[in-house]
1. Are any residues in the stretch 9-21 surrounded by fewer than 10 Cβ atoms within 10 Å (Cβ to Cβ) and more than 14 Å from the chain's Cα centre (by Cα), and if so, which ones?
2. Does R35 satisfy the condition of being open to solvent by 90 Å² or more (accessible area, probe 1.4 Å), under 13 Å from the mean Cα position of the chain (by Cα) and charged (D, E, K, R)?
3. Residues in the stretch 22-29: is at least one in contact with a Leu (Cβ under 7 Å, 6 or more places away or on another chain) and open to solvent by 80 Å² or more (accessible area, probe 1.4 Å)?
4. How many residues does the stretch 10-45 hold that are in a loop (DSSP other than H, G, I, E, B) and in contact with a helix residue (DSSP H, G or I) (Cβ under 9 Å, 6 or more places away or on another chain)?
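The values are calculated or read from the model by the stated rules, or taken from the named source; none is laboratory data. Computed from a predicted model, the values in this text were never measured in an experiment. Counting neighbours? That spans all protein chains shown, and the Cβs are built from the backbone with ideal geometry, glycine included. SASA here: full protein model, heavy atoms, side chains in, ligands and nucleic acids out. Shrake-Rupley method; radii C 1.70, N 1.55, O 1.52, S 1.80 Å.
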Amino acid sequence: MITEPRIPDPDGFYAALLAAHEGRTEAQSADLNARLVLLLANQCADQAVLLACIRAAAEAEEEDIPTTTTTPP
């Protein structure tokens, strides 16, 4: 699994991704993301890499979850 950035124009890619979501509902954006993931996975076509990416993404999500909670004053 390659983790170093390789997109030639990451800012341009991000802008295009945001533009694709403009005007869509949350559900439509989720559907767009799902279709995009499947299209990109098909481009990769390496099952082992895809499964490693799923694991890495799931672990990253778990790391983003705060382990402590605070109560408002």
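1. Correct list: D9, D11, A19.
2. yes
3. Yes, the conditions are met somewhere in the stretch 22-29.
4. So the count comes out to 1.
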